4 protein chains.
Amino acid sequence: MASAATSKTATAGRRTAKSARPGQHRLRADALRNRERIIATAREALVEYGAEIPLDEIARRAGVGNATIYRHFANRRELIHHVTLSVMSRIAEQAESALAEESDAFLALRRFVHAAADERIGALCPLLSDSLDKEHPDLIAARDRLAAGIDALMGAARASGRLRTDIGVGDLMVALTQLTRPLPGNGCVDFDIFVHRHLQLFLDGLSAPARSELPGSPATLEDLQQRQ
Amino acid sequence: MASAATSKTATAGRRTAKSARPGQHRLRADALRNRERIIATAREALVEYGAEIPLDEIARRAGVGNATIYRHFANRRELIHHVTLSVMSRIAEQAESALAEESDAFLALRRFVHAAADERIGALCPLLSDSLDKEHPDLIAARDRLAAGIDALMGAARASGRLRTDIGVGDLMVALTQLTRPLPGNGCVDFDIFVHRHLQLFLDGLSAPARSELPGSPATLEDLQQRQ
Amino acid sequence: MASAATSKTATAGRRTAKSARPGQHRLRADALRNRERIIATAREALVEYGAEIPLDEIARRAGVGNATIYRHFANRRELIHHVTLSVMSRIAEQAESALAEESDAFLALRRFVHAAADERIGALCPLLSDSLDKEHPDLIAARDRLAAGIDALMGAARASGRLRTDIGVGDLMVALTQLTRPLPGNGCVDFDIFVHRHLQLFLDGLSAPARSELPGSPATLEDLQQRQ
Amino acid sequence: MASAATSKTATAGRRTAKSARPGQHRLRADALRNRERIIATAREALVEYGAEIPLDEIARRAGVGNATIYRHFANRRELIHHVTLSVMSRIAEQAESALAEESDAFLALRRFVHAAADERIGALCPLLSDSLDKEHPDLIAARDRLAAGIDALMGAARASGRLRTDIGVGDLMVALTQLTRPLPGNGCVDFDIFVHRHLQLFLDGLSAPARSELPGSPATLEDLQQRQ
DNA sequence: CATGAATGAGTCTTCATTCAT
DNA sequence: GATGAATGAAGACTCATTCAT
């Protein structure tokens, strides 16, 4: 699968740019495995435990020492950054494949929304939290790819006359993120069952014709990230 | 303003049951003022800062010493408990007055939803977080009152044929809570502008006739609190 | 005794300006005692153990909990800052009293040099280390006071014809600091005995007439702090 | 260049006596080159960065992997040990060649003092720090050679009537070390300019006739290493 | 032999909670 | 009753040292 993590910028750490992985420096196979495992574990742990999960706990779950996390990610912020990139990338794929594979545009949108939930989009608050460096080129690239994917989905659905016209990508993303956010502190696994109900309700609200007039105006992803 | 905090059970704090305030022991006027101020400050601070706000910060904002919080609430958990009660109470009032004052039942529901958002319902995840003692009689009472209020609202809206019939109080409450939850770490005050758009979309999804079939089944508030 | 710690600047911590102690906020007696004890303990501990001494060790020696240090000083850097101020202030007093009380100007200078050593001037590398915020007004004030005191001493000694004329305050301060610096890692208490020999030798080198031509040019304290 | 590192005793590293390199086991050429490079890099890095420099940083500067350091030196302590030996050896050479090449004995001493500073004698606190195993035969041998060299220098200078008679080798070594010690944490390269001023002043203090009476008594190098 | 990677122990710092005025 | 101060128990992060390629 295409990875959004190809463009790179060294974050010039004082000693070594741990997380910047320029093309010339291939990771050892086991290290790469660890790296991916840490990201995947962090994604799930964030969902189960909440955003304040200790890195030590992530390390424990991933079966590595705590310092191994720091070999791969300079600090908590950077780990979150990469988890965000990973999730955004996976979700972007979902958007793209939904559009490619579904003939009914609104069904494609619906499929995407539920798939994004399953991909733990809510684990991240990725577009809003201030714990991300929103200037980071990788994040911008991932955001743009995702925005493009969703835009295409929404555009097709709108073109088919099934999607109301007064909403933007940002509206969908924020609501989707919020509706699927994990509860803090406990593993509400069975909470998922609910989530899909609410997403479905929200999708019904997105259907054309619009049943009410919305306050404010449609939001792009850029809008979201700019609000402090 | 009716307070849900009159029936009491001491939760046997380590040394003294500070927070249990049996009716016989009227607080001094200034102490009561402090108590209310702490709760109100905590509510707002939770919204602005996020769930991990230090108690010292709440104390600072409330203009009291940190130990004063402990005079009123045995620990953080108990403070959150009371903030939750306060918010639930205020929201219940909103439900009740919306029903009483609006002639159009669906409009009443809509008014309630937006009012609940303004009351910071999302600051607390009041029904779900495991940082609450869900057995606590006060909480149960508050929940029941709130459930009754929303039930009445939804019943009326359903009766008027404007609300779809496959959703329960729990569905509304969870979605409402999630959609209005503050972002962690930063004061997204202007985020509010968005929230009402999403609530409106969700309300449109709630309208009859149902535009799709929902997975799962309608949830009550009891359901919610039993999970986990 | 006059304290250099009267002018203040809040270092605008995120939450509370712990270390800024504006005049309006008198410390409780016990807290002030702790504060002074921490500074004094840190001064001695720095001498005995070296600059890398853990704060926990300082806390232990001071008989307080580790967090108490942080109540008084936002971080390690700030503690060092205040220790530095304290030592500079004490040394400035030594300079002033030596000048005031000794009739022989060169003897006054000599007395000062040995007294500064006893005040642990070397514990700090106070003028040079980059672990200080050299822009800080308190530090500048302390430096200026100290420079003035030493300048007066040296000026008098020079005027009496006993001090060579090709050296500046900075020269004396640096050499004094270096010659009295504690060794890293071990408590060389009896090392002190040596130090005074070397200071004496250095003082002999400072005497007029100059016995050689020096490379470079006389240094002020400002010079020193600007390097690096 | 004569190396003091030929007589050896294995200091029984935990697993293998990595650093003991008995004569029979000639290092491969590249390994020897690495070893020397590590020592040289460590010497400079200690000067620029301070005593707390991480081994990883030394490895990075030396252009080797961190583990390579451990292949050559069992632990940090041992690396420091060898850097110390290296510096002492280089300084001893300076003493010997100064004596051999200068006709004026005091000039020879002066030349030596400045040369020792350029050899980074101060980087190591070589005679005093407790991070050395002062019992180690190599260190004793190096110390003895150095002491002999300086003794000869001082003896000649004393014989020429230019050096005061109340000071010992230890006095010179300690003062020299202290006056040239690098500041912690920052690369004060231009600090060197000062150092030679202070050394010159100190040398002037060493000149005969003595201008004052010194406290204590002359110190040998043995004295220094025995304290603590 | 050389190296990148992994790790546990240690340090700094924060915060809920308790203590003393 | 109220407060500032004190504290120990985490959590983030670093680094000497060990392991596996």
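The values are calculated or read from the model by the stated rules, or taken from the named source; none is laboratory data. Keep in mind that this is a model prediction, so the values were computed, not measured. All Cβ positions, even for glycine, are placed from backbone atoms using ideal geometry, and neighbour counts span all protein chains on display. Areas reflect the complete protein model, heavy atoms only, side chains present, ligands, DNA and RNA absent. Shrake-Rupley method; radii C 1.70, N 1.55, O 1.52, S 1.80 Å.
Note on C:203-213: average number of Cβ atoms from other chains within 10 Å of each residue's Cβ is 5. Accessible area ranking (1.4 Å probe, heavy atoms, ligands and nucleic acids excluded), largest first, for C:68, A:220: A:220, C:68. Of the solvent-accessible surface of segment B:76-226, computed with a 1.4 Å probe and all protein chains present, 52% belongs to carbon and sulfur. Summary for residue C:71: label point 7 Å along Cα→Cβ; distances to the equivalent points in the other copies, ascending, 1.8, 4.2, 5.4 nm. Placing a label point 7 Å from Cα along the Cα-to-Cβ axis, residue A:222 is separated from the same position in the other copies by 4.9, 5.3, 8.1 nm, shortest listed first.
Placing +1 on the Cβ of every Lys and Arg and -1 on the Cβ of every Asp and Glu, with nothing else charged, gives segment A:76-226 a dipole about its Cα centre of roughly 280 debye.
Rg of the Cα atoms in segment D:32-124, relative to 2.2 N^0.38 Å, amounts to 1.23. Residue B:204 contributes about 0 Å² of solvent-accessible surface, heavy atoms of the protein only, 1.4 Å probe.
Charge dipole (Cα centre; +1 on Lys/Arg Cβ, -1 on Asp/Glu Cβ; no other charges) of segment A:127-174 amounts to roughly 360 debye. For residue A:29, inter-copy separations between label points set 7 Å beyond Cα along the Cβ vector come to 3.5, 7.3, 7.9 nm, shortest first. For the rotation that carries chain A onto chain D, the axis lies closest to a Cβ at A:67, 4, where the number is the distance in whole Å. Take the Cα pairs of segment C:76-226, get the Kirkwood Rh, then feed it into Stokes-Einstein at 37 °C and 0.692 mPa s and tell me D in µm²/s. This corresponds to a translational diffusion coefficient of 210 µm²/s.
Spatially, segment A:99-121 and segment B:20-99 are offset by 42 Å when compared through their Cα centroids.
Between chains A and B, what is the buried accessible area summed over both chains (1.4 Å probe, protein heavy atoms, nearest 100 Å²)? Mind dumping the intermediate values first?
Working: alone 12000 and 11910 Å², together 19600 Å².
Roughly 4300 Å².
When the residues D:49, D:70 are ordered by accessible surface, computed with a 1.4 Å probe over the protein chains alone, the sequence from largest down reads D:70, D:49. Note on segment D:33-106: with charges restricted to the Cβ of Lys and Arg (+1) and Asp and Glu (-1), its dipole about the Cα centre is near 620 debye.
On a 1.4 Å probe surface of the protein chains, which of D:97, D:217 comes out largest in accessible area, and what is the full order?
On the way: D:97 30, D:217 75 Å².
Putting D:97, D:217 in descending order of accessible area: D:217, D:97.
Each residue was assigned an accessible area with a 1.4 Å probe, and for residue D:193 the value is about 100 Å².
Let me check against my output: what whole-number percent is the relative contact order of segment C:76-226, with C-alpha pairs under 8 Å and at least 6 apart?
Relative contact order for segment C:76-226 comes out at 31 percent.
Within the full protein context, the accessible area of residue C:143 is estimated at about 20 Å² for a probe radius of 1.4 Å. Solvent-accessible area per residue in segment C:76-226 equals 32 Å², computed with a 1.4 angstrom probe and all protein chains kept.
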